[in-house]
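For reference, the structure discussed in these notes is given below.
The values are calculated or read from the model by the stated rules, or taken from the named source; none is laboratory data. Since we're looking at a predicted model, the values are computed, not measured. Counting neighbours? That spans all protein chains shown, and the Cβs are built from the backbone with ideal geometry, glycine included.
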Amino acid sequence: MTNNALEDNLLLSRIKNSETPAFDQLFLKYHPNLLRFSRSLLPYPSDAAEDLVIEVFHKLWQDRSSIIIHSSLSALLYKCVKNRVYDHYRKHKMAVLTTLEEMPEDLDLHYASPDQVFDYKELAQNLERLIKKLPEKMQVIFRMSREDNLSYQEIADLLEISLNSVKTQMYRAVKYLKESYRLDNMAF
């Protein structure tokens with residue numbers, strides 16, 4: 001089990017004990033990517049994306065005592081958002097759309113030198129800028145994999161695409177990010 005999965009399980013157990021700070025922490029961790037995912041499934045522009053994600057978190061809090069995780073908490077959250085989007089399509093009688101590397105994970109910023117913290121933050125900002133340049137679908141897949149630690153199979157199932165499509169998108173995203181980062185650093 002990954003550190004992220006362990007952290008999520010701990011948060012979930014605290015949420016089941018009605019600890020609101022744990023819920024807030026989970027919300028802050030997953031809200032941005034779930035919102036991005038929701039927006040990728042809805043026609044642009046749509047104000048419904050934010051509402052649907054909030055509904056998922058609201059339902060999670062309401063049903064906190066009976067939640068059972070079969071794969072991972074992040075997979076459950078993505079699946080819930082996807083289902084909410086499909087419910088939204090059915091409710092509004094809309095046709096469902098068919099279109100649906102290397103930062104150190106273990107760097108403890110509390111014990112890092114100021115130079116290390118600065119370098120890390122600069123790297124994170126540059127990487128985020130490059131990620132935002134990826135095509136929308138590739139960006140969603142990349143974030144689901146790298147930020148939310150979903151397996152390629154979980155991503156394929158959620159997006160209803162083939163496993164090979166996920167692998168191809170990830171390969172292209174990582175290749176683009178590596179090349180772009182290298183070219184950006186050569187300019188100095």
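When we screen L42, L73, L52 for residues that are closer than 18 Å to I155 by Cβ, of a type in the set (A, V, I, L, M, F, W, C) and surrounded by 14 or more Cβ atoms within 10 Å (Cβ to Cβ), the only hit is L73.
Checked against (1) part of a helix (DSSP H, G or I); (2) modelled with pLDDT of 65 or more, L150 passes all but condition (1). Looking for something over 25 Å from M138 (Cβ atoms) and not in a loop (DSSP other than H, G, I, E, B) - is there at least one such residue anywhere in the stretch 47-54? Yes: the stretch 47-54 contains one or more residues that are over 25 Å from M138 (Cβ atoms) and not in a loop (DSSP other than H, G, I, E, B). Residues of the stretch 15-64 being at pLDDT 90 or above, small (G, A, S) and at negative phi, which ones? Matches in the stretch 15-64: A22 only.
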